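Below is one structure, written out as structure tokens; the observations come after it.
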Amino acid sequence: MSKAQLKKALAGMEAQEIAEMICELYDARPEAKEYLEYWLKPDIERELEKYKQKLKRLFFTSSGKPRKRPTITSIKKELKYFSSICYDPEMIAELYLHLCEIDLEWLRTRSNPSAGAKGTRGNLDMTFQYIEGAALEDRYGIRMERLEETLKEEEKRGEGRRGYGWRRWRW
């Protein structure tokens, strides 16, 4: 259904019917509930903190133990939901940078950082592309350089461990 068809269908409904439909949507879909709650009381700082916590929970348990690496799909889903609520590119860039910081923190907890460095590199590249596309290099350039240096250090830490699998057996 296109927007024009939706507008036409909504124009033919009474206000009470539209209100009922929105309430049903609120109950049926968590994403709609989140959007409507934000629409009623917009507080972007609170939303940013909420999504930062969601990203952290993808990488760590509530007790702080690292989980297995989250899929890129689950990461992009959280980034997409936040960017659909927030239209401020600086806030979205903050969330992307937080993702990289959490990912590097997760990488530091690994005994073999080279195993997860590729995914971290991908997240860092995705963040850099967003920041470059939003023309925010001046604001976040130094922070990005620090993240890049930290990742290189972690990659060096894991270089001597390549080629060993479970229980230190050579593949």
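The values are calculated or read from the model by the stated rules, or taken from the named source; none is laboratory data. It should be emphasised that the depicted structure is a prediction, and the values quoted were computed from it without experimental measurement. For neighbour counting, all protein chains shown are included, and Cβ atoms are generated from backbone atoms with ideal geometry for every residue, glycine included. All accessible areas refer to the heavy atoms of the entire protein, side chains included, with ligands and DNA or RNA removed. Shrake-Rupley method; radii C 1.70, N 1.55, O 1.52, S 1.80 Å.
Numerical summary
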{"quantity": "Computed E for Ala135/Glu155 - FRET, C-beta separation, R0 22 angstrom, nearest 0.05", "calculated": "0.15"}
{"quantity": "CD proxy at 222 nm, helix term only [per DSSP H run n ≥ 4: -39500 (n - 2.57); per residue of the chain; nearest 500]", "calculated": "-24000 deg cm²/dmol"}
{"quantity": "Potential lengthening between Met21 and Thr73 on full extension [0.36 nm per residue; Cα-Cα distance subtracted]", "calculated": "15.7 nm"}
{"quantity": "Accessible area (Å², 1.4 Å probe, nearest 10) - Ser2", "calculated": "60"}
{"quantity": "Distant-in-sequence amide H partners of Gly116 (H built 1.01 Å from N, under 5 Å)", "calculated": "none"}
{"quantity": "Structure-derived mean projected area of the Cα convex hull in nm² - corresponding label in [x] 9.5; [y] 13.8; [z] 8.8", "calculated": "[y]"}
{"quantity": "Surface accessible to a 1.4 Å probe, per residue, for the residues of the chain, Å²", "calculated": "69"}
{"quantity": "Length gained when the stretch Ser63-Asp88 is fully extended (0.36 nm per residue, less Cα-Cα span)", "calculated": "5.8 nm"}
{"quantity": "Helix 44-59 axis, angle to the chain major axis (alpha carbon atoms, nearest 10°)", "calculated": "50"}
{"quantity": "Per-residue ³J(HN,Hα) for region 127-137, Karplus 6.51 cos²θ - 1.76 cosθ + 1.60, θ = phi - 60°, Hz, x for Gly and Pro", "calculated": "5, 4, 4, 5, 5, 5, x, 8, 6, 10, 4"}
{"quantity": "Other-chain or far-sequence residues with amide H under 5 Å of Phe60's (modelled H)", "calculated": "Arg67"}
{"quantity": "Computed accessible area, Trp106, all protein chains, 1.4 angstrom probe, square angstrom", "calculated": "10"}
